[in-house]
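Read through the structure below, which is laid out as structure tokens, and then see the notes.
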Amino acid sequence: MTNMTGDALANKIKSKSPETPIIMVTGFGDMINSGDDSPKNVDLVLAKTVPLNTLNERISELVGRDRN
């Protein structure tokens, strides 16, 4: 992305729509998930490369959790 980081985009989206689930897909996903510093306003971090079936499952889990 140009001119905006993923964290900044997540913050902007959540400020306008707090209920919108945010998934960050990043090459640093393993490092982020192993640490204590999860990005603010990000509901789920996935490490690249994410198999399509895994992405679909995680989206379903996240959306289902928000609706319950």
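We did not get these values from a lab; they are worked out from the coordinates using the rules stated. Computed from a predicted model, the values in this text were never measured in an experiment. Neighbour counts run over all protein chains shown; Cβ positions are idealised from the backbone, glycine included.
Take 8-16, 51-59, 38-46 and order them by the average number of nearby Cβ atoms within 10 Å per residue, most first; the result is 38-46, 8-16, 51-59.
Remark: the range 43-49, residue by residue, has Karplus-estimated 3J(HN,Hα) of 7, 8, 10, 10, 8, 5, 8 Hz, where x stands for each Gly or Pro and the curve is 6.51 cos²θ - 1.76 cosθ + 1.60 at θ = phi - 60°. With a Förster radius of 22 Å applied to the C-beta separation of THR2 and VAL50, the computed FRET efficiency comes to 0.45. Amide H contacts of VAL25 (H built 1.01 Å from N, in plane; Pro and chain starts excluded): LEU46 sit under 5 Å, all sequence-distant by 5 or more or on other chains.
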